[in-house]
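Colleague: Pasting a structure below so you can have a look.
The values are calculated or read from the model by the stated rules, or taken from the named source; none is laboratory data. Remember, predicted model here, so these are calculated numbers, not experimental data. Ideal geometry is used to build each Cβ from the backbone, glycine not excepted, and the neighbour counts take in all protein chains shown.
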Amino acid sequence: MYRILYQWWLLLKEAGWITVEELRRIFTDPGIIVIFFLGSLGYPMVYKAMYWNEQIQNIPVAVVDLSKSPDSRDFLHKWSAAPDIKLAYDCASMAEAEDLLRNQKVHGIIYFPRDYADQLADPLGKATISLYCDMSSFLYMKGIYLSCNQVLLESMRNIQIDRYENMGLDAEMAWALVQDAPYTETALYTYNGGYGSFLIPAVLVMILHQTLFFGLCMMAGTVREEKRELFRIPGRRRGYSAFRITLARAAAYFAVYYCLAAILLGLLPRLFDIPHIGNIYDILRFNVPFILSVIFFSMCVGFFVRNREAGMVLLISTSLIFLFQAGISWPKEMVPVGWKWLSYLIPYTWAANGFIHINSMGATLWATRTEYIALWILTGGYFLLAVTMLFIAGYRQEQLESHPAAESVRDPLEEFSEVEYTPLQD
């Protein structure tokens, strides 16, 4: 019994040494400190500053009113009361309005044809209003289109009531025919309708994912450049050593990033006044498989990193891909099937959707069990893959040490080995 306890003590002692050494590498590397801490805590401030004004107001719009009728003026009067737009120019022709739009002096055009009032007066007529929006920015289109649509719906209701009254119906019956299904408009989850409140929760998860991914790849590249072993434990069986090394390294990264995740996903939404109606304890429990899956995913990718700068290339080339594949800023239905299946292998896809469900939509952890279980599956799969790859790297080194002449034979497995070794001299 004493011997068994002593063996366990040695195993824990070795794993603890690896964890402490990995923490030392984190806090003594200026580049890692910048990525892990300044990047994780600084980027959210930058994004919030960019979207501080949730909605754009006083968007300049050009008016082309060829009707010059009381009906068109009444429509414009109601529309000008909306805070989103400002009727900046009254143009005599569409060519003049298009020139203003081309020079970015306005971001929208509203056009009333000459027969607008005549079509409204005709019981069977169909009046047409043309609206043109600047699509260079989604927020311009959103502000102009939604405000115009609200005025249009109200005007259509009044026009229908007038037509029913002209047909001989009293006002009460005409109103009942138009408003046969009363409704109340309620904004769900994103109560202010702002784009920042919608996007920033997904961006917070992306910042955690990519800074951890970039940092671990940078550390893997540093090991390759310095040509040193990665915590090789002498006198131990390769399988147990690889298993213990992987867990010990993951423990160091998890200790750092779980605290950062608690700050970013638990505290910042409350400081930034982003919709946060979820249970904080569900968020903290959801962070466990998210952080672990990203750690083991990054370890697997790190085997292919040859130098320190390669992490930056991976960061730049994958950030937008991961963001669009998750189906947050781009509809899932429009993502090609191949890319959609590929996104299921990325922890961010499940983490972003799960966090939004819990934080912004008030779902419980049980209601988000699909994303939660998927993250645990990715954690287990990438952990086994990382252990296997480290085991193969150790096996390759033992073969080189046992047969120095075999060094001249290049092994394909050496390409993804994270550990560089010094060959034995003859």
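Colleague: Cβ-Cβ under 6 Å, sequence separation 6+ or interchain: first residue in segment 148-163 and assigned by TED's automatic domain parsing to the domain that holds ILE85, partner modelled with pLDDT of 75 or more and not in a helix (DSSP H, G or I). Which pairs?
Modeller: CYS148/LEU131
Colleague: Considering only residues that are under 16 Å from the mean Cα position of the chain (by Cα), over 25 Å from ALA261 (Cβ atoms) and not hydrophobic (A, V, I, L, M, F, W, C), which ones fall in segment 292-346?
Modeller: Passing the criteria: PRO331, LYS340.
Colleague: Test ILE373 against the criterion of being within 29 Å of the chain's Cα centre (by Cα), surrounded by fewer than 14 Cβ atoms within 10 Å (Cβ to Cβ) and modelled with pLDDT of 90 or more, and give yes or no.
Modeller: Here the answer is yes, as ILE373 does meet what is asked.
Colleague: I need the helices (runs of 4 or more DSSP H) fully contained in segment 1-100, keeping only those with at least 2 residues that are over 30 Å from GLU226 (Cα atoms) and touching a strand residue (DSSP E or B) at 6+ places or on another chain (Cβ under 9 Å).
Modeller: Because the criterion is at least 2 residues that are over 30 Å from GLU226 (Cα atoms) and touching a strand residue (DSSP E or B) at 6+ places or on another chain (Cβ under 9 Å), the helices (runs of 4 or more DSSP H) in segment 1-100 that meet it are 70-80.
Colleague: Same structure, new question: Test of understanding: among SER147, SER80, SER93, SER136, which residue is small (Gly, Ala, Ser) and in contact with a Phe, Trp or Tyr (Cβ under 7 Å, 6 or more places away or on another chain)?
Modeller: Selected residue: SER147, the only one of SER147, SER80, SER93, SER136 that is small (Gly, Ala, Ser) and in contact with a Phe, Trp or Tyr (Cβ under 7 Å, 6 or more places away or on another chain).
Colleague: Also: Do we have any residue at all in segment 77-93 that's acidic (Asp, Glu) and free of Cβ contacts under 8 Å to residues at least 40 places away in the same chain?
Modeller: yes
Colleague: Of the residues GLU333, GLU309, which is within 28 Å of PRO30 (Cα to Cα) and of a type in the set (Asp, Glu)?
Modeller: That would be GLU309, the only listed residue that is within 28 Å of PRO30 (Cα to Cα) and of a type in the set (Asp, Glu).
Colleague: Which members of segment 321-380 meet the condition of being of a type in the set (S, T, N, Q) and touching a residue at least 24 places away in the same chain (Cβ under 8 Å)?
Modeller: Selection gives GLN325, SER329, THR349, ASN353, ASN359, SER360, THR364, THR368, THR379.
Colleague: With the requirement that a residue be crowded, with 23+ Cβ neighbours inside 10 Å and among the small types (Gly, Ala, Ser), what does segment 285-320 give you?
Modeller: Residues satisfying the conditions are SER293, SER298, GLY302, GLY311.
This table checks each residue for (1) out of contact with any helix residue (DSSP H, G or I) (no Cβ under 7 Å at 6 or more places or on another chain); (2) surrounded by 16 or more Cβ atoms within 10 Å (Cβ to Cβ).
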{"position": "ILE328", "(1), (2)": "no, yes"}
{"position": "PRO336", "(1), (2)": "yes, no"}
{"position": "TRP339", "(1), (2)": "no, no"}
{"position": "ILE346", "(1), (2)": "no, yes"}
{"position": "ASN353", "(1), (2)": "no, yes"}
{"position": "ILE356", "(1), (2)": "no, yes"}
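Colleague: Would you check which residues across segment 97-120 are free of Cβ contacts under 8 Å to residues at least 24 places away in the same chain and surrounded by 15 or more Cβ atoms within 10 Å (Cβ to Cβ) and list them?
Modeller: GLU98, GLN119, listed by residue number.
Colleague: Assigned by TED's automatic domain parsing to the domain that holds LEU265 and part of a helix (DSSP H, G or I): which single residue out of SER317, SER329 fits that description?
Modeller: SER317
Colleague: Filter segment 59-85 for residues that are among the acidic types (Asp, Glu) and touching a Leu at 6+ places or on another chain (Cβ under 9 Å); which is nearest to LYS126 (Cα to Cα)?
Modeller: ASP71
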